[in-house]
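The values are calculated or read from the model by the stated rules, or taken from the named source; none is laboratory data. Note that this is a predicted model, so its numbers are computed, not measured. Note that each Cβ is placed from the backbone with ideal geometry, even for glycine, and that neighbours are counted across all protein chains shown.
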Amino acid sequence: MSKKNYVFVIPCSGIGKSLGTVGRKAAYKVVEELRPRPTRTTCLALLTVGDEETLKEVREHPCISIDGCPAKCAQKNIEASKGRLMKSLMVTDTLRRHKELRPEGVIELNPEGCELANLLAEEAAKIVDEILESRD
Amino acid sequence: MSIVKNKVGIVSCSGEEIPEGTISRIATRIVLEKLRPEETVTICLPLFLAGGEGERAFARVFPTITVDGCEKRCAEIGTKKYSGRPAATIVVTDILKKYPNLKLGHRDELSAEEWEFTENVAEELAMKVGEVLGNGKELGGNGETCQKAER
């Protein structure tokens with residue numbers, strides 16, 4: 001695979017809620033552990049302020065958004081930036097399938113929240129594979 | 001639209017890509033949860049673009065302090081662009097210059113030294129909250145200091 005062939009996994013900033021922390025942890029899990037070579041992340045705020053270099057990157061590469069709440073900041077910021085959004089994930093969808101994993105804490109996530117992030121990361125990693133397979 | 005004078009809005013950069021962003025977010029949460037819980041509110045920065053006029057009114061309703069991880073100053077620029085001029089600003093990399101021996105590592109998991117630094121950033125932020133509100137000295141509702149606060 002070409003070094004230029006990678007997927008952005010972009011979580012919401014999620015400073016206000018545990019669900020945002022779950023989304024961010026899931027993104028880190030994908031880009032650092034599950035699929036470190038074909039994925040990257042970036043600061044969502046760079047899209048919010050219209051950073052030229054970051055706009056170019058998200059327009060050239062497939063993006064997966066991970067949002068903690070219905071405001072869908074990651075999805076909407078990628079869309080507003082005309083980024084190549086391939087899939088939008090919501091933490092609440094994963095939580096609905098695993099109701100026992102109720103996340104708590106923003107600074108430090110409880111074990112249930114960490115487990116929820118791991119499950120969400122696995123979902124995102126599979127989508128990364130699908131995107132890359134479809135490009136081969 | 002009148003400004004709320006007894007609360008300060010804190011806008012942190014999202015900073016997912018770098019450890020300084022994580023420090024910005026956690027310092028902000030320490031102030032919100034422990035040091036100045038009754039006097040501070042926050043908003044997710046990307047909501048300025050993703051949300052509506054209600055969200056974009058944030059810096060016109062609250063005097064605002066922006067907390068940025070790096071020199072790109074997304075929180076400061078974004079707040080000015082969408083909402084209003086902040087009353088004060090903090091940049092983590094500027095504070096970091098006072099700690100030449102501290103090398104930041106992982107962008108999600110902070111070391112003990114990075115936690116201590118983050119608590120110092122939170123205290124600087126809490127002092128700025130006090131300055132903006134005009135009651136600059138005490139931290140927290142009961143005079144609690146950051147070091148005493150439990151994580």
Considering the stretch B:38-47 alone, what residues qualify as being facing another protein chain (nearest Cβ under 7 Å) and surrounded by fewer than 24 Cβ atoms within 10 Å (Cβ to Cβ)? B:42
Within the bounds of the stretch B:26-37, is there any residue that is over 28 Å from residue B:102 (Cα atoms), among the charged types (D, E, K, R) and more than 10 Å from chain A (Cβ to nearest Cβ)? no
For residues that are surrounded by fewer than 24 Cβ atoms within 10 Å (Cβ to Cβ) and of a type in the set (Lys, Arg), scanning just the stretch B:1-25, find the one that is nearest to the other protein chains (Cβ to nearest Cβ). B:7
Surrounded by fewer than 21 Cβ atoms within 10 Å (Cβ to Cβ) and in contact with a Leu (Cβ under 9 Å, 6 or more places away or on another chain): which single residue out of A:82, A:99, A:87 fits that description? A:82
Pick from A:10, A:15: which is modelled with pLDDT of 95 or more, buried (at least 24 other Cβ atoms within 10 Å of the Cβ), of a type in the set (A, V, I, L, M) and over 14 Å from residue B:108 (Cβ atoms)? A:10
Within the stretch B:91-120, track down each residue that is surrounded by 18 or more Cβ atoms within 10 Å (Cβ to Cβ) and outside any helix (DSSP H, G or I). B:91, B:104, B:107, B:110
Can you work out which of the residues in the stretch B:56-87 that are in contact with an Asp or Glu (Cβ under 7 Å, 6 or more places away or on another chain) and small (Gly, Ala, Ser) is farthest from residue B:22 (Cα to Cα)? B:75
Taking the residues in the stretch A:34-53 that are free of Cβ contacts under 8 Å to residues at least 24 places away in the same chain and of a type outside the set (A, V, I, L, M, F, W, C) as candidates, determine which candidate is nearest to the other protein chains (Cβ to nearest Cβ). A:51
On the basis of being under 14 Å from the mean Cα position of the chain (by Cα) and at pLDDT 95 or above, does residue B:95 make the cut? yes
Could you check the stretch A:67-101 and list, in sequence order, the residues that are part of a strand (DSSP E or B) and facing another protein chain (nearest Cβ under 10 Å)? A:67
Residue tally, condition more than 11 Å from the chain's Cα centre (by Cα) and assigned to a loop (DSSP other than H, G, I, E, B), over the stretch B:17-55: 11
Which listed residue, of A:115, A:60, is surrounded by fewer than 17 Cβ atoms within 10 Å (Cβ to Cβ) and in contact with a Leu (Cβ under 8 Å, 6 or more places away or on another chain): A:115
Suppose we filter B:114, B:123 for residues that are charged (D, E, K, R), out of contact with any Asp or Glu (no Cβ under 9 Å at 6 or more places or on another chain) and either within 15 Å of residue B:31 (Cβ to Cβ) or without any contact (Cβ under 8 Å) to a residue 12 or more places away in the chain (or both); which single one remains? B:123
For the stretch B:70-92, give me each residue that is closer than 21 Å to residue B:132 by Cβ, under 16 Å from the mean Cα position of the chain (by Cα), at the interface with chain A (Cβ under 8 Å from one of its Cβ atoms) and of a type outside the set (A, V, I, L, M). B:74, B:78
